[in-house]
Amino acid sequence: MDIQGFLDHVNDLSDLELAVLLSLVAQHHCLIKTPDVHLDDVASELAPIVTDIFSLSYIIINQDSLQSVDSFVSAILDDTSEFGETPDQSDNDIENGGALRSRIAGVDFRGATSAHNGLSKLDSRKVVNVVIAKNFDRAHEDVQIQALELIRRRRIFSRTTVHTAPKVFLLLPVVSTSSHVRLNKHLNDRIFMSHQHRPEDGFPNLEELDEANNVDDNNSTYSYSTSPSIRRQKAVASRRITPKLIIELRAQGQAATITPEIRRYLQDVVAFLRMERGIDGGVTPYATTLFLALAKYLAPFHGLDYVTPSLVGLAARKIYPHRLVIATPGRERSTLYGTDLATARELLEDLDPEKAIQNVLDTVECPT
């Protein structure tokens, strides 16, 4: 599928498919929020998206596997070769990984006679391409630190060796909208964007799978050419995203033009977020960098080669919801200038990050 073909069919992609695609284009990670009762459904919906649409390996991790580093590391390692290496893996990555294995294998722990046995038992498992982690906000602090190490340095330690992440790697934490996100603050800042999946958006891939699986192989109701499984294969083929298309979208996004007026508008949004009543933090310098990057990456998704004010607003709604910290009444800055605690408490009663972002977008003058 080329760029024009993608633009012709972009409206056929579901919200989760677009979220994963945007994360792959930006080479960053996405936090997905949904009501608690739909956590399993969202994780199950992401699985066929990853495998069928993007041809990547994945693992779905439950909360029980997030309570110790050993269980987390064991869960995200894949000893199968079904997907193999990604085609755009650089030679440096391969050489570095090979050199690392050689150094470990060359260390003689038990004498020269056991060197060959040590080499044969070397743990060669690889990190999967996509880690779908349910209730990741409830993961143990040590697990979150290891996830941060995996994101920043693209490596993770087991008891026997160091496992490197593949060239294409995504962490997709799936958390409930009803619980406060309690991610490690450094890990939280490293999460590129957040996306809220609403039940009314549906689970089209799960529905297609259920329809195909519920049909008896010997049922003559469907002909071979029109059976649900064949229809699903055709639908998936029409939505499949190739690595080449992802690279092209990434290049077009990086080359998108942003005028001085739009850049000033983006900086004004950042400044007003920092000063917005009820906001106690979260507008970090790294978030500002990602804010600009996302605004540019969104342009080719809309068939544009430049950034518009509406794209800046959309980027703000994706970059900041999981980052903004709502103040407590005692830390609301207006209390420094005479506001009493009761008034501050009333102000903060119904305030959430989404409302704060919308207040800023409504306040900042938009360039014409």
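Go through segment 302-337 and report how many residues are aromatic (F, W, Y), modelled with pLDDT of 95 or more and surrounded by fewer than 23 Cβ atoms within 10 Å (Cβ to Cβ).
So the count comes out to 1.
For segment 1-68, please list each of the helices (runs of 4 or more DSSP H) lying entirely inside it that holds at least 3 residues being out of contact with any Asp or Glu (no Cβ under 9 Å at 6 or more places or on another chain) and at pLDDT 95 or above. I'd like the intermediate steps shown before the answer.
Values: elements: 3-9, 15-26, 39-48.
Where helices (runs of 4 or more DSSP H) fall fully within segment 1-68 and carry at least 3 residues being out of contact with any Asp or Glu (no Cβ under 9 Å at 6 or more places or on another chain) and at pLDDT 95 or above, they are 15-26, 39-48.
Which condition from (1) open to solvent by less than 60 Å² (accessible area, probe 1.4 Å); (2) closer than 23 Å to H322 by Cα; (3) touching a residue at least 60 places away in the same chain (Cβ under 8 Å) is the one that F272 breaks?
Failed condition: (1).
If you check I94 against the conditions, is it open to solvent by less than 20 Å² (accessible area, probe 1.4 Å), among the aliphatic types (A, V, I, L, M) and either at pLDDT below 65 or closer than 16 Å to R125 by Cα (or both)? Lay out the reasoning, then the answer.
Numbers: open to solvent by less than 20 Å² (accessible area, probe 1.4 Å): no; among the aliphatic types (A, V, I, L, M): yes; either at pLDDT below 65 or closer than 16 Å to R125 by Cα (or both): yes.
Taking the combined requirement at face value, the residue does not satisfy it.
Please return the ranges of helices (runs of 4 or more DSSP H) entirely within segment 274-354 where 1 or more residues are charged (D, E, K, R) and closer than 21 Å to P260 by Cβ. Steps first, answer last, please.
Details: elements: 285-301, 309-319, 341-348.
The qualifying helices (runs of 4 or more DSSP H) are 285-301.
With the checklist (1) within 23 Å of V360 (Cβ to Cβ); (2) among the small types (G, A, S); (3) in the same structural domain as H186 (by the TED database) in hand, flag the one item S238 doesn't pass.
Here S238 clears every test but (1).
Please pick out the residue among D36, D41 that is touching a strand residue (DSSP E or B) at 6+ places or on another chain (Cβ under 6 Å), assigned by the TED database to the domain that holds A235 and of a type in the set (D, E). Give the derivation first.
On the way: D41 fails: touching a strand residue (DSSP E or B) at 6+ places or on another chain (Cβ under 6 Å).
Selected residue: D36, the only one of D36, D41 that is touching a strand residue (DSSP E or B) at 6+ places or on another chain (Cβ under 6 Å), assigned by the TED database to the domain that holds A235 and of a type in the set (D, E).
Counting just the residues of segment 24-63 that are over 16 Å from the mean Cα position of the chain (by Cα) and over 22 Å from T177 (Cβ atoms), which one comes out least open to solvent (accessible area, probe 1.4 Å)? Working first, answer last.
Step one: of segment 24-63, the residues over 16 Å from the mean Cα position of the chain (by Cα) are 35-38, 40-41, 52, 55, 62-63.
Checking which are over 22 Å from T177 (Cβ atoms) leaves us with 52, 55.
Values: D52: 44, S55: 65 Å².
Among them, the one singled out is D52.
Report yes if N205 is surrounded by 19 or more Cβ atoms within 10 Å (Cβ to Cβ) and modelled with pLDDT under 90, otherwise no. Spell out the reasoning first.
Details: surrounded by 19 or more Cβ atoms within 10 Å (Cβ to Cβ): yes; modelled with pLDDT under 90: yes.
It is true that N205 is surrounded by 19 or more Cβ atoms within 10 Å (Cβ to Cβ) and modelled with pLDDT under 90.
Just checking, how many residues over segment 152-171 are of a type in the set (A, V, I, L, M) and open to solvent by 20 Å² or more (accessible area, probe 1.4 Å)? Let's see the steps before the verdict.
Quick first cut of segment 152-171, residues of a type in the set (A, V, I, L, M) only: 156, 162, 165, 168, 170-171.
Now drop any that are not open to solvent by 20 Å² or more (accessible area, probe 1.4 Å), which leaves 162, 168.
Selection size over segment 152-171: 2.
The values are calculated or read from the model by the stated rules, or taken from the named source; none is laboratory data. If you're wondering where the values come from, they're calculated on a predicted model, not measured in any experiment. So basically every Cβ, Gly included, is an ideal-geometry build from the backbone, and we count neighbours across all protein chains shown. These accessible areas exclude ligands, DNA and RNA; they are computed on the full protein's heavy atoms, side chains included. Shrake-Rupley method; radii C 1.70, N 1.55, O 1.52, S 1.80 Å.
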